[in-house]
Amino acid sequence: MSTPLESWVEESARLTKPSKIVWCDGSEAENDRLTAEMLSDGTFIELNQKTYPNCHLHRSNPNDVARTESVTFICTRQRDDAGPTNNWMVPADAKEKVRPLFDGAMKGRTMYVVPYIMGPANSPYSKIGVELTDSAYVAASMRIMSRMGKIALDRLGRSDDFVPGLHSLGDLNPSRRFILHFPEEKLIWSVGSGYGGNALLGKKCFALRIASWMAREQGWMAEHMLILGLEDPSGKVTYMAAAFPSACGKTNLAMMVSALEKQGYRVWTVGDDIAWMHVGSDGMLRAINPEAGFFGVAPGTNAKTNPNVIEAAHKNTIFTNTAMTAAHEPWWEGMDGAPPAGTIDWKGNSWTPGNSTAAHPNSRYTVPASQSPSLSSHWEDPEGVPISAFIFGGRRARLAPLVYESHNWQHGVFVGATMASETTAAATGAVGVSRRDPMAMLPFCGYNMADYFGHWLAMGPKLKNPPRVFHVNWFRKDADGKFLWPGYGENVRVLKWMLDRIEGRAAATETPIGNVPAPSSLTLDGLSISRDTLNELLKVDSADWSEEEQAIGQFFDKFGERLPPAICQEQKALASRLSRSAVATE
Ligand code: O2Y
Ligand code: MN
């Protein structure tokens, strides 16, 4: 009798018609074989094996360089279950439309059966997925990003408890590209892209979109959050999870080298992108990192912004769409000065100054987490680490103070639900346009976001000790457009303030949006920052926030009656605190 997995593989092979099926075991020997095949067919380019042992460069099709939200769909029977922020199709219609693109798509190609575990192999909170793909690059990347191969098959046994994901490169034509999620049957279909979030199905598709649906059904949380541990001078580690939209330095924060290391404050990495969190037997919210690697943006990464990943990505790493120097080393903008002579750009052409960037702005490193010097010794704890704080953040040039703390859980959910970030030139071409991105989940929530806010509200009371909720903004600028806060390793000072709040040792000043640090409560020694700058960093301008409150209302209008009353209450409470404060300062 076939297992459920074997039956699905056979059914998918009947549709896609591969010339060969390879069941991946995740072994080193298998990886060597795949690597050799990719080197011979040009999928991989060998990097300098002396300075970058076992590192390779992959160049994706130039029309396939990033996640594509416009062709990403949540397919539920009812439109309202996907909600106003997701693209939606009826499941049957989606299958009818996209099945023909899979029909014969793997002719002349190999189908790799990629079983994987999201989460530590021995955690009760981990889950199994299986990706069928005709891309060896995807199979090799999944080996870094998850616990892939025999380890997953052994855990699965004859069970049908896995999330199937069918992936084909198709013809890579953007008009025939679809990333479909069927949360009601826990199924993923992806065709027409070989890149990142579209193709490594364990990451955004399973660990966020499908998992967020599962998490609501089962009473846990699947969030777009880094997980870090802040060690204090006594050696005690306090864990925090943080959600920031893209281009806000999530990986850098998760892997930070602390500016207060000499004083005994150190940051340990548990995860850089996704957190799965359950109510633990101790009543704490316990977080695991479902991933096993980092798929980070290369440009801007250097020894100052993220020394840990620079060290980690010197072996066993796949680089995608970076430039390559004449010495066959990876190179990207913001690495160190100008590209050396003889550099080849991300498309494989010789690079000349003045042209476009040498590396693609969304070029990536795919590196095993175990190679980071900052990795926490608790990163694979089966029960997860206890979360004491949530940090929301965004890029706000004018509006938001460096840090503020919410009044309570319900207010904290409102703070997360109203997150927004301003676009950067590199990302979109339109600078400073603010995009609402609740909990940084806008592109990743697999169901109606109004219900998602409701799920957040319901989680707080289940916890004996709900995490305190903070909001940060490293990106406030002065009138000349200069950043007020130095950022990077200095951000530990803000984490320390949060820790001191949790421990009841830091003073705060009440404002209409929440509590900001009393200026003397921030540890600023060794940093030259004037009192005026500090005041500017912590300022809350009621007139600006009243405008923000209006914009928040417009965003919430999308959700109509489905928006939880507690969220409307919080908005009204904010409006009234703002008008009281405006009257007081008149
Ligand atoms: O462009 C892509 O496909 C990568 S998206 C990504 C990758 C790693 C971590 N986060 C993200 C994201 O878009 O949030
Ligand atoms: Mn992300």
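The values are calculated or read from the model by the stated rules, or taken from the named source; none is laboratory data. Because the structure is predicted, anything quoted here is derived from the model rather than measured. As a convention, Cβ positions derive from the backbone with ideal geometry for all residues, glycine included, and neighbour counts pool all protein chains shown. SASA here: full protein model, heavy atoms, side chains in, ligands and nucleic acids out. Shrake-Rupley method; radii C 1.70, N 1.55, O 1.52, S 1.80 Å.
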Handout entry: Hey, ARG286 touching a Phe, Trp or Tyr at 6+ places or on another chain (Cβ under 7 Å), farther than 26 Å from LEU522 by Cα, open to solvent by 40 Å² or more (accessible area, probe 1.4 Å) and more than 16 Å from ligand 1 (Cβ to nearest atom) or not
Key = no
Practice task
Need at least 1 residues that are of a type in the set (Ser, Thr, Tyr) and within 16 Å of ligand 2 (Cβ to nearest atom) per element, so show me which strands (runs of 3 or more DSSP E) inside region 272-337 make the cut, counting only ones lying wholly within it.
Solution key: 318-320
Handout entry: Check on SER350, open to solvent by 30 Å² or more (accessible area, probe 1.4 Å), among the small types (Gly, Ala, Ser) and farther than 30 Å from ILE288 by Cβ
Key = yes
Practice task
Taking LEU253 as the residue in question, decide whether it is within 16 Å of ligand 1 (Cβ to nearest atom), closer than 23 Å to ILE502 by Cα and either open to solvent by 10 Å² or more (accessible area, probe 1.4 Å) or outside any strand (DSSP E or B) (or both).
Solution key: yes
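Restricting to region 233-246, name every residue that is in contact with a Gly (Cβ under 9 Å, 6 or more places away or on another chain) and either assigned to a loop (DSSP other than H, G, I, E, B) or within 12 Å of ligand 2 (Cβ to nearest atom) (or both). Lay out the reasoning, then the answer.
At the first step, the residues of region 233-246 found to be in contact with a Gly (Cβ under 9 Å, 6 or more places away or on another chain) are 233-235, 237-245.
Of everything in region 233-246, those that are in contact with a Gly (Cβ under 9 Å, 6 or more places away or on another chain) and either assigned to a loop (DSSP other than H, G, I, E, B) or within 12 Å of ligand 2 (Cβ to nearest atom) (or both) turn out to be PRO233, SER234, GLY235, ALA242, ALA243, PHE244, PRO245.
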Fill in the blank from the handout: Among ALA140, ALA121, ALA152, the single one that is small (Gly, Ala, Ser), surrounded by fewer than 22 Cβ atoms within 10 Å (Cβ to Cβ) and at pLDDT 95 or above is ALA121
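Determine whether LEU522 is in contact (Cβ under 8 Å) with a residue 60 or more places away in the chain and crowded, with 18+ Cβ neighbours inside 10 Å. Please lay out each step first, then the result.
On the way: in contact (Cβ under 8 Å) with a residue 60 or more places away in the chain: no; crowded, with 18+ Cβ neighbours inside 10 Å: yes.
In short, no.
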Handout entry: Failed condition for LEU534, given (1) among the aliphatic types (A, V, I, L, M); (2) surrounded by fewer than 20 Cβ atoms within 10 Å (Cβ to Cβ); (3) within 25 Å of GLU570 (Cα to Cα)
Key = (3)
Practice task
Considering only region 21-113, give the strands (runs of 3 or more DSSP E) lying wholly within it that have at least 2 residues that are open to solvent by 40 Å² or more (accessible area, probe 1.4 Å).
Solution key: 87-89
Completion exercise
Among the residues of region 440-462, the number that are open to solvent by less than 10 Å² (accessible area, probe 1.4 Å), away from ligand 2 (no atom under 16 Å from the Cβ) and of a type outside the set (Phe, Trp, Tyr) is 5
Exercise for the section: Considering every residue within region 7-17, establish whether at least one is farther than 20 Å from LEU166 by Cβ and either among the hydroxyl-bearing types (Ser, Thr, Tyr) or surrounded by fewer than 19 Cβ atoms within 10 Å (Cβ to Cβ) (or both). Expected result: no
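Taking the conditions exactly as written (exposed (fewer than 14 other Cβ atoms within 10 Å of the Cβ), within 29 Å of the chain's Cα centre (by Cα) and not polar (S, T, N, Q)), does PHE483 satisfy them or not?
Taking the combined requirement at face value, the residue satisfies it.
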Practice task
Within region 394-417, identify whether any single residue is within 16 Å of ligand 1 (Cβ to nearest atom), part of a strand (DSSP E or B) and in contact with a helix residue (DSSP H, G or I) (Cβ under 8 Å, 6 or more places away or on another chain), and answer yes or no.
Solution key: no
Completion exercise
Taking region 222-249 and keeping residues within 16 Å of ligand 1 (Cβ to nearest atom) and open to solvent by 20 Å² or more (accessible area, probe 1.4 Å) leaves SER246, ALA247, GLY249
Exercise for the section: Take the residues in region 257-279 that are open to solvent by 10 Å² or more (accessible area, probe 1.4 Å) and closer than 30 Å to ALA211 by Cα, then tell me which one is farthest from ligand 1 (Cβ to nearest atom). Expected result: VAL279
